[in-house]
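Okay, structure first, notes after.
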Amino acid sequence: MNIMTGMLIETQSYDLQAQIFKVLTHPVRLAILEILREGEHCVCHMEAHLGFRQAYISQQLAVLREAGLIQYRRDGWNIFYRVTDARIYAVLDAVQNFTGQGRLEVNQTEISCFCPKCSMEGLRALK
């Protein structure tokens, strides 16, 4: 056994951790996770908050889903996404504290999302 083989075996145990960090290197994926911090949301809701096209957001959601960080449920025509394990927010909070930025707020302006969940919340707000 040579030194390089020993090093390879040791570093392979970090592969899963490195994959998670790679997934978290994209600013839109971080913003999506921040939106999902509040609970499950549909793609149209994320589109309204982030200002990106649905196809682009869906690409980023696919990466998060493949990494096991989020999952979805279908409700008729709508698909709602949620975080699989809230412990990911401890990682995000640690990075935010490390950078000195604190928790970054996702654009919370008035959104025009017409999914059943958002429509029901809008109706409740009017009452």
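The values are calculated or read from the model by the stated rules, or taken from the named source; none is laboratory data. Please read these numbers as outputs of a predicted model, since none were measured by experiment. Here the Cβ is made from the backbone with ideal geometry for all residues, glycine too, and neighbour counts use every protein chain on show.
Couple of notes before you dig in:
- Hits in region 29-86 (condition: small (Gly, Ala, Ser), modelled with pLDDT under 95 and surrounded by 13 or more Cβ atoms within 10 Å (Cβ to Cβ)): ALA48
- In region 10-28, the qualifying residues are those that are surrounded by 13 or more Cβ atoms within 10 Å (Cβ to Cβ) and among the β-branched types (Val, Ile, Thr), and the one that is nearest to PRO116 (Cα to Cα) is VAL28.
- Hits in region 52-99 (condition: acidic (Asp, Glu), part of a helix (DSSP H, G or I) and over 13 Å from the mean Cα position of the chain (by Cα)): ASP93
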